[in-house]
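Only one structure is covered here, and it is reproduced in the block below.
The values are calculated or read from the model by the stated rules, or taken from the named source; none is laboratory data. Just so it is clear, the structure is predicted and the values come from calculations on it, not from any experiment. Because the Cβ atoms are built from the backbone with ideal geometry, glycine has one as well, and the counts that use them run over all protein chains shown. Ligands, DNA and RNA are excluded from the accessible area calculation, which covers all protein heavy atoms including side chains. Shrake-Rupley method; radii C 1.70, N 1.55, O 1.52, S 1.80 Å.
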Amino acid sequence: MGAEKKGSKHKKVYIDKVLKLLDTYQKVLIVSSNNISSKQIQIIRKALLKKAVVLMGKNSLIRRACKMYAEKNPKVNELIPLIKQNIGLVFTNEDPREIREIIVANKINAPAKAGTIAPNDVIVPKGDTGLEPTQTTFLQALDIQTRIAKRQIEILYDVKLVSEGEKVGSSEATLLSKLGIKPFVYGMKLVQVYDNGSVYGPQVLDITDEMLKKNVLEELGCISGISLELGFPTQVSLPYSFMNNFRNILAISLETGYEIKEAESIRELLENPEALKELMEKQNEEEKDEKEEEKEEEPEPESESESDDDMFGGGLFD
């Protein structure tokens, strides 16, 4: 009876913690925590100190807390379906991009354990292994070609020991352990982002302000083109309509001799070819100067003697 009351007390404390986090933070990053150790979680918590709070625990308790909080803020209902499988929640009010970068940066190399699914190909490189000649039979059983050199086993060729998606066998895991190879890299992976009622995938965080600006300008250009073609005026097409009409008025003025103030400078240039030629030459020189300035601003590539030679003792293609 006492243990049951103690368990209920712990559940209440945990639910109260979740409710407080939901009340404090507007954004929640849902991260996959497969193959993540408690030590790695502590490292990530430390890295996110004062920027975010990492919450791990039973999904059932988190969902219960979210349902309770949804009575106060219905937007949280969007978060509930995301709480499934082996996940963690990262609460923050900072830019999700910055938080994601910190999370992704904190990865660790891990050994291959028998029975785990390989997240990537595992290649055993050729060369000395440091193993005694008595281990030759073990390596041959794995179809790895070897020879004895300097009283130790040498692998003759690179060997793909495990392919991505395959289950790691006990022999493969043992060999990798003997060779001191930790082939897998594990870390939290961003799955979804909850932002004050809105839910979106991690790919949205890769969209920059420059990309948005470019897309908006392209769409506005399409709209103005359609408007001009149909003769249907819109806010984005009006500047082009005014400019085109003004050009028509200038052309009519120059052709008919009907004088308007805006056409005087153009008429003077047309009547004085030398002045027109000087103006065109001046514009060409200005454009040339601008291109040269842009070229000068570009950083010059390092010479081989200052970069590659210093690092590798010779040129890249020597």
Using the heavy atoms of the protein chains and a 1.4 angstrom probe, tell me the accessible area per residue for the chain in square angstrom. 71 Å²
Correct response: the longest run of the chain lacking exposed chymotrypsin sites (Phe, Trp or Tyr not before Pro), defined by DSSP loop and at most 13 other Cβ within 10 Å, is 1-156
With Cβ to Cβ distances under 14 Å as the rule, what net charge do the other residues near GLU166 carry (K, R +1; D, E -1)? 0
Using a cut-off of 14 Å between beta-carbons, work out the net charge of the residues near LYS182 (Lys and Arg +1, Asp and Glu -1, LYS182 not included). +2
Excluding residues fewer than 8 positions from LYS214 in its own chain, the lysines with Cα under 28 Å of it are LYS27, LYS288, LYS291, LYS295
Please check the chain for the longest run free of GluC sites (Glu not before Pro) that are loop-located per DSSP (anything but H, G, I, E, B) and have at most 11 other Cβ atoms within 10 Å. 165-258
Distant-in-sequence amide H partners of ILE87 (H built 1.01 Å from N, under 5 Å): SER33
What is the local net charge at PRO119, summed over the other residues whose Cβ is closer than 13 Å to its Cβ (Lys, Arg +1; Asp, Glu -1)? +2
To the nearest 20 Debye, how big is the dipole of segment 220-285 about its Cα centre, given +1 on the beta carbon of each Lys and Arg and -1 on that of each Asp and Glu? 320 debye
Expected vector for segment 28-43, Karplus 3J(HN,Hα) from phi with 6.51, -1.76, 1.60 and θ = phi - 60°, integer Hz, x for Gly and Pro, equals 9, 9, 8, 10, 6, 10, 5, 6, 9, 7, 5, 5, 5, 4, 5, 5
5 Å is the cut-off here: which amide hydrogens, built 1.01 Å from N in the peptide plane, fall below it relative to ALA110, excluding neighbours closer than 5 in sequence? PHE184, VAL185, TYR186
In deg cm²/dmol, rounded to 500, what helix-only [θ] at 222 nm does the chain give when every DSSP H run of at least 4 residues adds -39500 (n - 2.57) and the total is split over its residues? -15000 deg cm²/dmol
Suppose every K and R has +1 on its Cβ and every D and E has -1 on its Cβ; what is the size of the dipole of the chain about the Cα centre, in Debye to the nearest 20? 5180 debye
Find the relative contact order for segment 94-252 and round it to a whole percent, using C-alpha pairs within less than 8 Å whose residues are 6+ positions apart. 25 percent
Name the residue from GLN85, GLY231, SER177 whose Cα lies farthest towards the positive end of the charge dipole of the chain, charges +1 on Cβ of Lys and Arg and -1 on Cβ of Asp and Glu. GLN85
In sequence order, what are the phi-derived ³J(HN,Hα) couplings for segment 160-177 according to the Karplus relation 6.51 cos²θ - 1.76 cosθ + 1.60 with θ = phi - 60°, rounded to whole Hz, with x for glycine and proline? 7, 7, 9, 9, 4, x, 7, 7, 6, x, 5, 5, 4, 5, 5, 4, 4, 5
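Just the number, please: carbon plus sulfur as a percent of the accessible area of the chain, 1.4 Å probe, no ligands or DNA/RNA counted. Provide the component values of the computation, followed by the final result.
On the way: 11630 of 22430 Å².
Carbon and sulfur atoms account for 52 percent of the accessible area of the chain.
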